[in-house]
Ligand SMILES: C[S@@+](CC[C@H](N)C(=O)[O-])C[C@H]1O[C@@H](n2cnc3c(N)ncnc32)[C@H](O)[C@@H]1O
């Protein structure tokens, strides 16, 4: 059997948001590795051996996937959303670059998925309709000073911003510091969107003026979007629509 590795994104939650390309690969694979809740989401295939692992063991998990593919297994590495956005694709390539030279000969592919910020943006309108950036607010793998610098410069450049990993139990103070930096750099009424569990049955979308935001509004199941100075809200019966116009005067 010829082994391969396919690093796949299974979208933000709803099964209908998994691409047909990823569905097809999941049905061909012999083994699936990934963080426990994501592997649980592909558990329906009886021919697939599941290898769930804990958070923060991305390199071990990647090495395991590459070893199994070298031994002839058809391995999917599962990420939520898109595997290239703060997820497993970069970890697998890091393991490959630093690992067994024969791993470079493997058939290895990345299959895209719908990332959280795009699902969240669609759920409330089009806040990312003009230039934007995405920032991972976790300082597990980079110094906090770099995050603050990027926040400051993104505000100066007037990007809309999407924030991943905003606030965890082990680092509750980071999001508070991020909000303080943004409040001092941006105008008061800029909308901030707290999109929690997007595309799950308990999805929640809250739109709050920046100055009224508090750290407890976000957790690790939330992606946060801050509009640019141009971002607008259309009020109407039912949920408002947030959008950023395509042009700047
Ligand atoms: C390690 S990152 C993985 C991102 C993922 N690869 C993606 O493309 O969406 C985890 C963060 O993604 C965001 N996230 C992932 N799925 C989400 C969802 N369904 N609703 C809201 N935020 C989500 C949260 O900010 C969470 O802390």
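The values are calculated or read from the model by the stated rules, or taken from the named source; none is laboratory data. No experiment lies behind these values; they were computed from the predicted model shown. We place every Cβ from the backbone using ideal geometry, glycine too, and count neighbours over all the protein chains shown.
Here are some notes:
- Considering residues of the stretch 218-237 that are away from the ligand (no atom under 16 Å from the Cβ) and in contact (Cβ under 8 Å) with a residue 24 or more places away in the chain only, the residue farthest from residue 181 (Cα to Cα): 234
- Residue in the stretch 100-116 that is outside any loop (DSSP other than H, G, I, E, B), within 9 Å of the ligand (Cβ to nearest atom), under 27 Å from residue 191 (Cα atoms) and out of contact with any helix residue (DSSP H, G or I) (no Cβ under 6 Å at 6 or more places or on another chain) present: yes
- Index of the failed condition, residue 215 passing every other in (1) touching a residue at least 40 places away in the same chain (Cβ under 8 Å); (2) surrounded by 14 or more Cβ atoms within 10 Å (Cβ to Cβ); (3) closer than 21 Å to residue 115 by Cβ: (3)
- The set of residues in the stretch 39-75 being modelled with pLDDT of 95 or more, touching a strand residue (DSSP E or B) at 6+ places or on another chain (Cβ under 8 Å) and in a loop (DSSP other than H, G, I, E, B) consists of 73 alone.
Rundown of residues vs (1) within 13 Å of the ligand (Cβ to nearest atom); (2) in contact with a strand residue (DSSP E or B) (Cβ under 6 Å, 6 or more places away or on another chain); (3) more than 18 Å from residue 149 (Cα to Cα), yes/no style:
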residue	(1), (2), (3)
172	no, no, yes
176	no, no, no
181	no, no, no
185	no, no, no
188	no, no, yes
193	yes, yes, yes
201	yes, no, yes
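- Per-region count, the stretch 206-230, residues touching a helix residue (DSSP H, G or I) at 6+ places or on another chain (Cβ under 7 Å) and part of a loop (DSSP other than H, G, I, E, B): 2
- Every residue from the stretch 66-79 that is within 19 Å of residue 23 (Cα to Cα) and either surrounded by fewer than 14 Cβ atoms within 10 Å (Cβ to Cβ) or away from the ligand (no atom under 16 Å from the Cβ) (or both): 73, 74, 75
- Scope the stretch 144-170; condition away from the ligand (no atom under 14 Å from the Cβ), closer than 25 Å to residue 12 by Cα and not in a helix (DSSP H, G or I); matching residues: 159, 160
- Unmet requirement for residue 182, which otherwise passes all of (1) part of a helix (DSSP H, G or I); (2) in contact with a helix residue (DSSP H, G or I) (Cβ under 8 Å, 6 or more places away or on another chain); (3) over 30 Å from residue 65 (Cβ atoms); (4) without any contact (Cβ under 8 Å) to a residue 40 or more places away in the chain: (4)
- Going through (1) part of a loop (DSSP other than H, G, I, E, B); (2) in contact with a strand residue (DSSP E or B) (Cβ under 8 Å, 6 or more places away or on another chain); (3) surrounded by fewer than 18 Cβ atoms within 10 Å (Cβ to Cβ) one by one, residue 86 falls short only on (3).
- Criterion: within 14 Å of the ligand (Cβ to nearest atom), in contact (Cβ under 8 Å) with a residue 12 or more places away in the chain and touching a helix residue (DSSP H, G or I) at 6+ places or on another chain (Cβ under 8 Å) - qualifying residue of 82, 54: 54
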